[in-house]
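As structure tokens, the structure follows; a few thoughts come after it.
What follows draws every value from the coordinates through simple rules; no lab data is involved. Because the structure is a prediction, the values reported are computed rather than measured. Because the Cβ atoms are built from the backbone with ideal geometry, glycine has one as well, and the counts that use them run over all protein chains shown.
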Amino acid sequence: MSLLNAARTVARTRAAPRLNAAALSVAARGVHTLPALDYPHDALEPHISGQIMKLHHEGHHKAYVTGLNTAEEAYAKASTPKAKINLLPALKFNGGGHINHTLFWKNLAPVSQGGGDLSQGPLKDALEADFGSVDAFKKKMNTVTAAIQGSGWGWLGYNPSTKKLEVVTTANQDPLLSHVPIIGIDIWEHAFYLQYHNVKAKYLDAIWNVINFKEAERRYIEAAKQ
């Protein structure tokens, strides 16, 4: 449920006094669910271990989904502007975590299903035009993402204003709003530490072997139409 939908729910509740708090709670609860992966947890090995994927997906992402549903339910029940404002950080953090990870799983594919394979096409052409070469793009993406202080995300995003692909970052679980996300790389420690420890560079080098460039190209083509 979006903030707009939550506000509409509150408005409907005021217009219909007989709708009690219990009914509102049922209506608001459980809207978001953990998406299933398109591949087994261990399908990205040896580049990303099955242990990491299981913990990342069923542990961390699930926690964001639960947190988002809880925050949206509380927002729908909040009766004052102050109470609603106090809930915004939880909505942003958990909502961003859900959005980012849902996109991230689609960003990945086993090598047997084309992971890491960037064929000639619109995305490759755009990367070469905007970065000079695909290798130059990967180097910049890795460098910028590795430089994030603390936790966050590295992104290949499409800038609707310049009509170009650009490398940008977001902190914590902030979603990418300035650009259309094409590829996102999670640089939170839970995404790599069990396998790569504190060596971010090895994780960033390895992840390109399982990037789903077909999905990235689909996003790019859709974004470029706008």
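Please compute the contact order of the chain in relative form: average sequence separation of alpha-carbon pairs under 8 Å and at least six residues apart, divided by the residue count, as a percent.
Relative contact order comes out at 22 percent.
With N set to the number of residues, divide the alpha-carbon radius of gyration of the chain by 2.2 N^0.38 Å and report two decimals.
Normalised Rg, Cα atoms only: 1.13.
Determine the relative contact order of region 112-225: mean sequence separation of Cα pairs under 8 Å and six or more apart, normalised by residue count, in whole percent.
32
Label-point separation (nm) for GLU58 and VAL31, each offset 7 Å from Cα along Cα-to-Cβ?
With each label point 7 Å from Cα toward Cβ, the separation is 2.8 nm.
If R₀ is 22 angstrom, what is the calculated FRET efficiency for the pair ALA147 and LYS92, using the beta carbon separation as r and rounding to 0.05?
0.45
Among all the lysines, which ones have a C-alpha under 30 Å from LYS163's C-alpha, if same-chain residues fewer than 8 places away are not counted?
Answer for LYS163, where 30 Å is the Cα cut-off: LYS92, LYS106, LYS124, LYS138, LYS139, LYS140, LYS214, LYS225, listed by chain and number.
Mind checking which aspartates and glutamates have their C-alpha under 19 Å from LYS62, skipping anything on the same chain fewer than 8 residues away?
Result set, ordered by chain and number: ASP38, ASP42, GLU72, GLU73, ASP174, ASP186, GLU189.
Would you mind computing, in nm to one decimal, how far apart the modelled labels at GLN226 and GLU166 are, each placed 7 Å from Cα along Cα→Cβ?
Rounded to a tenth, the inter-label distance reads 1.4 nm.
Label-point separation (nm) for GLN113 and HIS197, each offset 7 Å from Cα along Cα-to-Cβ?
Label-label distance for GLN113 and HIS197, simple model: 3.2 nm.
Would you mind giving the average projected area, over all directions, of the Cα convex hull of region 112-225 in nm² with one decimal?
7.1
Of THR162, GLY116, GLY184, which is farthest along the charge dipole of region 112-225 in the positive direction, counting Lys and Arg as +1 and Asp and Glu as -1 at C-beta?
It is THR162, whose Cα lies furthest towards the positive end.
If packing is taken as the average number of other Cβ atoms within 10 Å across a peptide's residues, how do 65-75, 138-148 rank, most packed first?
65-75, 138-148
Applying a 10 Å radius around every beta-carbon, put 77-90, 121-134 in order of their mean neighbour count, most first.
Per-residue Cβ counts within 10 Å, averaged per peptide and sorted highest first, yield 121-134, 77-90.
Which order do peptides 176-187, 105-116 fall in by mean Cβ count within 10 Å, highest first?
The peptides rank, most packed first, as 176-187, 105-116.
When the C-alpha atoms of region 39-112 are aligned to their principal axes, what extent does each axis show, in angstrom, from largest down?
Reported extents, whole Å, longest axis first: 53, 18, 14.
Charges only on Cβ, +1 for Lys and Arg, -1 for Asp and Glu: so what's the dipole of the chain about the Cα centre, in debye to the nearest 20?
The dipole of the chain has a size of about 1120 debye.
With +1 on each Lys and Arg Cβ and -1 on each Asp and Glu Cβ, and nothing else charged, work out how big the dipole of region 112-225 is about its Cα centre, in Debye to the nearest 20.
Using Cβ point charges on Lys, Arg, Asp and Glu, region 112-225 gives about 100 debye.
Using only Cα atoms, what is the ratio of the radius of gyration of region 28-71 to 2.2 N^0.38 Å?
1.33
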